[in-house]
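The values are calculated or read from the model by the stated rules, or taken from the named source; none is laboratory data. In this text, all values refer to a predicted model and were calculated from it rather than measured experimentally. Neighbour counts run over all protein chains shown; Cβ positions are idealised from the backbone, glycine included. Calculation scope for accessible area: heavy atoms of the full protein, side chains included, ligands and nucleic acids excluded. Shrake-Rupley method; radii C 1.70, N 1.55, O 1.52, S 1.80 Å.
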Amino acid sequence: MRNTGTKSRKTTVARTAHDINVDLIAIVAAVTNGEPRVLTIGQRDALPSGPFEFSHRSLQSGLRDWVEQQTGHPLGYIEQLYTFADRDRIGARRKQRNISISYLALTRQDAVTASRKSHWKSWYAYFPWEDHRSGTPDALGILQPRLIAWAQAASDASLRRERRQRAAIAFAFDGRPWNEELTLQRYELLYESGLVEEAGTRETVPTANTSGKAMVGDHRRILATGIARLRSKIKYRPVVFELMRPTFTLLQLQRTVEALAGRLINKPNFRRLVEQQELVEETGQTSLDTGGRPAKLYRFRHAVLDERSVAGTKLPVTRA
């Protein structure tokens, strides 16, 4: 009896292991000419990805292998982002559990080897409501009444209030301030309300200019997670320098931070914070690519990263 039970247990474990599929997914981000971009592959707006195989030495090495194979680009800075294993999300099969382990990689677009299989896309093409650098996006004016209608369509008063409050906090309704870090919460609300293509509902989905371009499977949700992480992280860690060239002007640095945050920041406040944190140092050279008088060139003080691990290019509270 004891041997029979052991055999049964082993069979169950083997069957369970066989039904789990582990994918490694990379968000490779860069900022070029003041525009945040993400590296995609194929013609269907997919993030570089591939299965975790027995031959891979580790999760990270497996991810690096897949990204280099699919884009020709060896990864530099990389950090694990999040593990997705929801049974009710896109791509989940009834008899197979899909686990997606995502990573965030930062690079410079000009450092990437050209490949016909990969493309750089503005991440605001997927999230048009996230870019507030030129004021409130038109997409919000279209999405707001639809979200309110979705909230009012709830079955009871308590759920109606809960939906309306979540929408107001995430999308800055009812006089609430815009929080750039709530990128994932906003996408999840649009998914739940059926206002993005990936939700697969029969409701009328707004155009791509409003609801953003769809991505393969759950990749847009993963990208939203990466954007939220990066927007939060630039406030307390100097990771933004992974996106910069070796030398840069302070205006180029500010424009990069603004591109990531999706809003303008106060120029004097920004420069004062950078100087106070001693994150950069002058190179003694100037740039003639400013369109005006020459601007001083700076470089990142790498010693700062070792000496002050909590330093960062903090975003000023005041807007421009």
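Taking the Cα centre of segment 199-239 as origin and assigning +1 to Lys and Arg Cβ atoms and -1 to Asp and Glu Cβ atoms, the resulting dipole is close to 320 debye. Of T136, L184, I169, which is farthest towards the positive pole of segment 101-229's charge dipole, taken about the Cα centre with +1 and -1 on the beta-carbons of Lys, Arg and Asp, Glu respectively? Checked the options; the winner is L184.
R299 exposes around 100 Å² of accessible area when a 1.4 Å probe is run over every protein chain in place. Subtracting the Cα-Cα distance of E282 and R97 from 0.36 nm times their residue separation leaves 61.3 nm of extension gain. For N98, the residues 5 or more places off, or on other chains, whose built amide H falls under 5 Å of its own are N21, R93. The local environment of Q165, defined by Cβ-Cβ distances under 15 Å, has a net charge of +2 under the rule Lys, Arg +1 and Asp, Glu -1.
Label-to-label distance, D289 versus A303, with points set 7 angstrom from Cα along the beta-carbon direction: 2.8 nm. The distance between label points at T247 and E53 comes to 4.4 nm (points 7 Å beyond Cα on the Cα→Cβ vector).
Taking all protein chains together and rolling a 1.4 Å probe, I234 ends up with roughly 0 Å² accessible. Between R272 and Y77, the contour length at 0.36 nm per residue exceeds the alpha carbon distance by 67.5 nm. Compute the length gained on full extension between Y236 and A157: take 0.36 nm times their separation in residues and subtract their Cα-Cα distance, giving the result in nm to one decimal. Contour length minus the Cα-Cα distance gives 24.4 nm. Only protein heavy atoms count here; on that basis, with a 1.4 Å probe, T107 has an accessible area of about 20 Å². With K and R counted +1 and D and E -1, the other residues having a Cβ less than 11 Å from that of L104 yield a net charge of 0.
Directionally averaged projected area (segment 134-239, Cα convex hull): 7.8 nm².
Loop-located GluC sites (Glu not before Pro) across segment 127-227 with a Cβ neighbour count of 12 or fewer within 10 Å are E203, with loop assigned by DSSP. Computed with a 1.4 Å probe over protein heavy atoms only, the accessible surface of segment 225-295 comes to 48 Å² per residue.
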